[in-house]
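Input: a single structure, listed below in structure tokens.
The values are calculated or read from the model by the stated rules, or taken from the named source; none is laboratory data. In this text, all values refer to a predicted model and were calculated from it rather than measured experimentally. We place every Cβ from the backbone using ideal geometry, glycine too, and count neighbours over all the protein chains shown. Calculation scope for accessible area: heavy atoms of the full protein, side chains included, ligands and nucleic acids excluded. Shrake-Rupley method; radii C 1.70, N 1.55, O 1.52, S 1.80 Å.
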Number of protein chains: 2
Amino acid sequence: MDTVERTPVDLPGSDAEPAGTARDTAGGAPAHRRARARATASMADVARLAGVSSQTVSRVSNGYAGVTEETRRQVLAAMKELGYRPNSAARALKRGEFRTIGVITFTLSTTGNVRTLEAIATSAAHEGYAVTLLPVAVPTQDEVRGAFSRLEELAVDAVIVIMEVHLLDAATVTLPPHVQVVVVDSDAGDHYTVVDTDQAGGTRAAVQHLLGLGHRTVWHLGGPEGSFAAQRRTDAWHAALTEAGRVPPPLIRGDWSADSGYRAGLELAARDECTAVFAANDQMALGLLRALHERGRRVPEDVSVIGFDDIPEASSFLPPLTTVHQDFAEVGRLCVQAVLSKMRQDGPERGTTLVPTRLVRRASTAPPPETT
Amino acid sequence: MDTVERTPVDLPGSDAEPAGTARDTAGGAPAHRRARARATASMADVARLAGVSSQTVSRVSNGYAGVTEETRRQVLAAMKELGYRPNSAARALKRGEFRTIGVITFTLSTTGNVRTLEAIATSAAHEGYAVTLLPVAVPTQDEVRGAFSRLEELAVDAVIVIMEVHLLDAATVTLPPHVQVVVVDSDAGDHYTVVDTDQAGGTRAAVQHLLGLGHRTVWHLGGPEGSFAAQRRTDAWHAALTEAGRVPPPLIRGDWSADSGYRAGLELAARDECTAVFAANDQMALGLLRALHERGRRVPEDVSVIGFDDIPEASSFLPPLTTVHQDFAEVGRLCVQAVLSKMRQDGPERGTTLVPTRLVRRASTAPPPETT
DNA sequence: GTGGGTGATGTTTGCGTAAACATCGAGTGT
DNA sequence: ACACTCGATGTTTACGCAAACATCACCCAC
């Protein structure tokens, strides 16, 4: 049972623990005292060993000035011997901040969310902040409300929401007043601080690339209705075509999944006039490619396909996919920056920050077939 | 068996937030005091307003028995009026537990890790635990050590490691002694508690499927050297072939990426004797498919390809990929269960739990071409 | 009526830390 | 030499909560 597994440092005093796993209610002795004692060394223990006051330990621990090099060494030695590490609960209680950022996200099934989350976690760690994850299984108001009510008593100083904001608004959010919020994938820039990819710019680049190749117009396989990202890509596609004097074909909707792209592709393959398709993400583009292939429409000779995201696999599609690269890492990084500067009260309270995209040309786009 | 689903209260409304956003940086006054004052109402405030002792507030807050309905109502009213919410730092300090699980993971770029993480977060939330994410950017010992040293002072009760454990061992881990550890993707079952997919079983199913179709032998596109998952799939492939009396062809290694699969595919396409390939994951299978296609080797007519993971896109590959489905959600769920039961000291201290796989037959496998 | 429950509530205490304040000795300027 | 500053360190206190213990009113059995 209680073998001395871990063996961190040789904890001085961890010798005893005589089988009685704090379970003995019978003992008339001050059981509770022994039970919790010495779980971890506290500042006081270190202070005692080092022969200084606990305040000095605190100073060393926090790197404050005003400690002799000599004293400092002693304290550090004592810390090491005892395997001391500060108790973050106590620290948080005292300081009134937790150095933790909560991230609310609706599923991690999309590349974008995941990459953004990863960047957030990395940036946060770099700033000395931990990241607490709050997944929302299904995007119902109840679920979101649940996430927030958990959040309310969770120890976080700030929140980053990777999700549609209309849900957020709907869920009578009752955050502690000092907790800052930053949102991804939203157009709520007038209510919140928003960081997002420049959806419009990327879309424009994609459309113009296709038009530049000589296509009359560009079909669009859009994302699901609820998504702001999808909405903005669709809007930008429409605008870019209109500005260029082209007639936007009817919109086709998918749900981000490859399957939905496949279904849309079967439809599009039947239309000879369709020579170029802009898919709102790479997964749908993948399904699209499969459908076109099955129906004997060659890519890019007969139909050009362009995606959005630039997932790592995109370069291995058949054919390798031309797509709009999103810099998720930058989005995540900026989220953290934004939320931290809000906390320090030196950043903009709201507004939108856009991260530029980059068009990656591969083999899925080409000039349209000769029209006879 | 439900945990005592606390149900503190239904949360107080977020009415006011009275503009006082602490904006005065200029004031020469005792700034710090103002800053932290009145951030949140404490139990004492609620107690005062309700005309009871703070202990009674505590009892209400924690749903303990022994409070008159009348008193309870008063306390709840006071909570609501003050917008009270418990301070989790204080609670953690007092109770000695944080109700938080740390998850260490090396990049979120693989589907498996992400899905597992998601399941962990969901399960943990369900048990009333929060999840703190600790990403390790690069799998160097320094990085891992860094993650752990952050972890050391982080407020977690347990740790789940989704990573190669040899790195873990290498990084002189010094966790607080009471913190429990569970590991995914490892064979360190004799040192740690391990939860993992049944790599061997899945591999065996894949190999036997191909042999059953009539292939003489099965080539293997393995994962990178460092990975235990890769190692076990490779071992199982070798064993399955040997047991069946077949001669295992030389091993080809990739690095999980589609690109590496592509490179391997170019090599394999040149070998006419190769009629069946088992790729250690779906991404590499994707690259493989592309290479075979480019070299004019038809799948599945000339070469059968089988993958591992069953990523959502696999059904949209060209052709749709036969692959071994992993139940990542179950892995994540079991991780949480394992770590919690270790904390409650009623679970096995170590050992390995395997999650079964399922072979998903799609269109990338078929009997070998007629050998003339 | 007295002693002994029983349940509702109040009081004390301490978790580990760090801010605020106190102390103390050594140097500095005149 | 004296008052003074300044740097190093110690002492006190409070953060918000909940366990342990104390109190108090009430009811019941004998």
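About its Cα centre, the stretch A:214-281 has a charge dipole of approximately 120 debye under the convention of +1 per Lys or Arg Cβ and -1 per Asp or Glu Cβ, with nothing else charged.
Buried surface for the B/A pair, taken as the accessible area of each chain alone minus that of the pair with a 1.4 Å probe, is close to 5500 Å² in total. Using θ = phi - 60° in the Karplus curve 6.51 cos²θ - 1.76 cosθ + 1.60, the 3J(HN,Hα) couplings for the stretch A:359-364 round to 7, 10, 8, 10, 10, 9 Hz; x is entered for Gly and Pro. Taking Cβ atoms as reference points and 9 Å as the exclusive limit, the residues near A:Arg85 contribute a net charge of -2, counting Lys and Arg as +1 and Asp and Glu as -1.
Taking only the Cα atoms of the stretch B:313-372, the ratio Rg/Rh comes out at 1.29, with Rh defined as the Kirkwood radius. The residues of the stretch A:274-292 occluded by other protein chains by 50 Å² or more of accessible area, set against the chain on its own, are A:Leu286, A:Arg290; surface from heavy atoms, 1.4 Å probe. A:Asn281 sits among other residues whose Cβ lies under 14 Å from its own Cβ, and their net charge, with Lys and Arg +1 and Asp and Glu -1, is -4. Put the Cα centre of the stretch A:106-140 next to the Cα centre of the stretch B:299-372 and the gap is 25 Å. For A:Ala363, inter-copy separations between label points set 7 Å beyond Cα along the Cβ vector come to 2.0 nm, shortest first. Just the number, please: carbon plus sulfur as a percent of the accessible area of the stretch B:199-327, 1.4 Å probe, no ligands or DNA/RNA counted. Looking at the stretch B:199-327 in its full context, I get 50 percent from C and S.
Using bins of 5 Å that start at zero, the share of Cα-Cα pairs per bin across the stretch B:76-165 amounts to 3, 12, 20, 18, 17, 11, 8, 5, 4, 2, 1, in whole %. Note on A:Glu225 and A:Glu301: the extension gain reaches 24.2 nm, defined as 0.36 nm multiplied by sequence separation minus the Cα-Cα distance. Applying 1/(1 + (r/R0)^6) with R0 = 30 Å to the Cβ-Cβ distance of B:Thr68 and B:Thr40 gives a FRET efficiency near 0.70. Of the residues B:Phe106, B:Phe317, the one with the largest accessible area comes first in the ranking B:Phe106, B:Phe317, computed with a 1.4 Å probe on protein heavy atoms. In this assembly of identical copies, the label point of B:Gly212 (Cα plus 7 Å along Cα-to-Cβ) is separated from its counterparts by 5.2 nm, sorted shortest first.
Between amide H atoms placed 1.01 Å from N, distances below 5 Å from B:Gly254 occur with B:Gly222, B:Gly223, all of them 5 or more places distant or on a separate chain. Taken one residue at a time, the phi angles of the stretch A:83-92 give Karplus couplings (6.51, -1.76, 1.60, θ = phi - 60°) of x, 5, 9, x, 8, 6, 5, 4, 4, 5 Hz. Gly and Pro are set to x.
The equivalent ellipsoid of the stretch A:199-327 has semi-axes of 19, 17, 14 Å, largest first, where each one is the square root of 5 times an eigenvalue of the Cα gyration tensor. With each label modelled as a point 7 angstrom along the Cα→C-beta vector, the B:Glu97-A:Gln55 pair spans 3.6 nm. Applying a DSSP loop filter and a limit of 16 other Cβ atoms within 10 Å to the GluC sites (Glu not before Pro) in the stretch B:248-305 leaves B:Glu273, B:Glu301.
Derived scalar couplings between HN and Hα for the stretch B:95-103 equal 7, x, 9, 10, 6, 9, 10, x, 10 Hz in order, rounded to whole Hz, by the Karplus curve 6.51 cos²θ - 1.76 cosθ + 1.60 (θ = phi - 60°), x for Gly and Pro. Here is the size of the stretch A:257-322 from its Cα atoms: Rg then Dmax, 10.3, 31 Å. Label separation (A:Glu127 vs B:Arg216): 6.1 nm, computed from points 7 Å beyond Cα along the C-beta direction.
Note on B:Arg253 and A:Arg358: with the Förster distance fixed at 25 Å, the Cβ-Cβ geometry gives a FRET efficiency of about 0.20.
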